[in-house]
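> Sharing a structure below in structure tokens format, with a few things to ask.
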Amino acid sequence: MSTLCGKDILRSDLLSDGELELILSTASRFERALTAGDRLTNMQGQVLATLFFEPSTRTRLSFETAMLRLGGQVITMADPKTSSSAKGESLVDSMRTVEGYADVIVIRHPRKGSAQEAADAVAVPVINAGDGTGQHPTQALLDVYTMQKEKGALEGLTVTLAGDLKNGRTVHLLVYLLARSGVRLLFVSPPGLEMPAAITADLKKLGAEISEGGDLAAAMRRSDVLYVTRIQRERFEDPAAYERLSGSYVVDRAMIQQAKPGISIMHPLPRVDEITAEVDDYEGAAYFRQAANGVPVRMALLALVTGRN
Ligand code: NCD
């Protein structure tokens, strides 16, 4: 039984190196089983509840696919407007209720810190699928898994993270995992959307090599991977500020031609206009492969936290 059994997954930077390694190797074993067409039964008799208080396509559907591929079953609350939260039920009461129905709970909620609060309310494992501008640990894990698959070892790579690094929660944990693996980090964002200073300071304390700037083309000439994020419209109080910044970085074929040869392009998706559709045919465009990798990585997480790996 691994140390992940019974654990909540709230922030991936709190995982030990051994736990991280175990998640990635379990994901790769499940991916091989899926490719071979094996019928898995690890989660037979178990129920996953997915509670989504914010929109989602990939995260919810890939968690649900992961559970079904492991032989388990799924109950879902995808639209808070049709649940009791619309009647004013507290998150804690909703969690206590769902705990009576499910063996593991995946939750996405607009409030930073809500995943911790949800996990504290129940005894079953809780997995954070995004808490506002806070964290999105399972995305960070599938991003690391994708980078390893696309590039081999992470050590020594240079990775540019571009876009809304302030509100884009997926990068907030990814950078810790990358820094731990010996990756050089370049941050490129429009003014006002920089990586939170507390995170940058933390990374420097960990000994990470980081540079920050505004020139995406220059960063792409030095990078093995470009990780693009969406400007997070829903986090802006002032729509005019969003309009000013949206479209400030657009990756197109011409930019890739000027970039380091073989550069991989990643994006957690959804994209709005940060990457033009013509980039999709470029062989280093990894974002749809990245989305597909969500299934084996989430299979690994579900199986490990319930001790059924
Ligand atoms: C991200 C999210 O929800 O934080 N999407 C995802 O889970 N793949 C990124 C985003 O919304 O921009």
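The values are calculated or read from the model by the stated rules, or taken from the named source; none is laboratory data. Because the structure is a prediction, the values reported are computed rather than measured. When we count neighbours, we look across all protein chains shown, and the Cβ atoms used for this are built from the backbone with ideal geometry, even at glycine.
Condition check ((1) over 22 Å from the mean Cα position of the chain (by Cα); (2) modelled with pLDDT under 95; (3) more than 25 Å from His172 (Cβ to Cβ)) across all residues:
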{"residue": "Thr41", "(1), (2), (3)": "yes, no, yes"}
{"residue": "Ala86", "(1), (2), (3)": "yes, yes, yes"}
{"residue": "Val92", "(1), (2), (3)": "yes, no, no"}
{"residue": "Lys112", "(1), (2), (3)": "no, yes, no"}
{"residue": "Glu117", "(1), (2), (3)": "no, no, no"}
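> Continuing with the same structure: Being touching a Phe, Trp or Tyr at 6+ places or on another chain (Cβ under 8 Å) and either assigned by TED's automatic domain parsing to the domain that holds Asp252 or within 16 Å of the ligand (Cβ to nearest atom) (or both), is that true of even one residue in region 145-155?
no
> In region 48-60, is there at least one residue being touching a residue at least 12 places away in the same chain (Cβ under 8 Å), away from the ligand (no atom under 16 Å from the Cβ), farther than 14 Å from Ala102 by Cα and in contact with a Lys or Arg (Cβ under 8 Å, 6 or more places away or on another chain)?
no
> Which of the following residues is under 15 Å from Thr160 (Cα atoms) and charged (D, E, K, R): Glu283, Glu209?
On inspection, the qualifying residue turns out to be Glu209.
> Follow-up question, since we're still on this one. I'm told Arg298 meets every condition in (1) within 13 Å of the ligand (Cβ to nearest atom); (2) of a type in the set (Lys, Arg); (3) in a helix (DSSP H, G or I); (4) farther than 20 Å from Tyr145 by Cα except one. Can you identify the failing condition by its number?
With (1) within 13 Å of the ligand (Cβ to nearest atom); (2) of a type in the set (Lys, Arg); (3) in a helix (DSSP H, G or I); (4) farther than 20 Å from Tyr145 by Cα applied to Arg298, the lone miss is (4).
> Can you give me the number of residues within region 131-148 that are of a type outside the set (Phe, Trp, Tyr), outside any loop (DSSP other than H, G, I, E, B) and crowded, with 18+ Cβ neighbours inside 10 Å?
Adding up the residues that qualify gives 11.
> Just one of Ala115, Ala162 is touching a His at 6+ places or on another chain (Cβ under 8 Å), in contact (Cβ under 8 Å) with a residue 40 or more places away in the chain and buried (at least 24 other Cβ atoms within 10 Å of the Cβ); which is it?
Ala115
> Residues being free of Cβ contacts under 8 Å to residues at least 60 places away in the same chain and either surrounded by 17 or more Cβ atoms within 10 Å (Cβ to Cβ) or in contact with a strand residue (DSSP E or B) (Cβ under 9 Å, 6 or more places away or on another chain) (or both): count how many of those fall in region 5-20.
Within region 5-20, residues that are free of Cβ contacts under 8 Å to residues at least 60 places away in the same chain and either surrounded by 17 or more Cβ atoms within 10 Å (Cβ to Cβ) or in contact with a strand residue (DSSP E or B) (Cβ under 9 Å, 6 or more places away or on another chain) (or both) number 2.
> With respect to the numbered conditions (1) farther than 30 Å from Val106 by Cβ; (2) not in a helix (DSSP H, G or I), which one is the sole condition not fulfilled by Lys166?
Of everything listed in (1) farther than 30 Å from Val106 by Cβ; (2) not in a helix (DSSP H, G or I), Lys166 misses just condition (1).
> Go through region 172-192 and give me each residue that's within 26 Å of Arg233 (Cβ to Cβ), over 17 Å from the mean Cα position of the chain (by Cα) and surrounded by 21 or more Cβ atoms within 10 Å (Cβ to Cβ).
Those that are within 26 Å of Arg233 (Cβ to Cβ), over 17 Å from the mean Cα position of the chain (by Cα) and surrounded by 21 or more Cβ atoms within 10 Å (Cβ to Cβ): Leu185, Leu186, Phe187, Val188, Ser189.
> Take region 211-250 and flag every residue that is within 16 Å of the ligand (Cβ to nearest atom), β-branched (Val, Ile, Thr) and touching a residue at least 60 places away in the same chain (Cβ under 8 Å).
Val228, Thr229, Ile231
> May I ask you to list the residues in region 21-57 that are within 30 Å of Glu234 (Cβ to Cβ) and surrounded by fewer than 11 Cβ atoms within 10 Å (Cβ to Cβ)?
Thr57
> Just give me the residues in region 219-265 being aromatic (Phe, Trp, Tyr) and over 20 Å from the mean Cα position of the chain (by Cα), in sequence order.
Phe236, Tyr242, Tyr249
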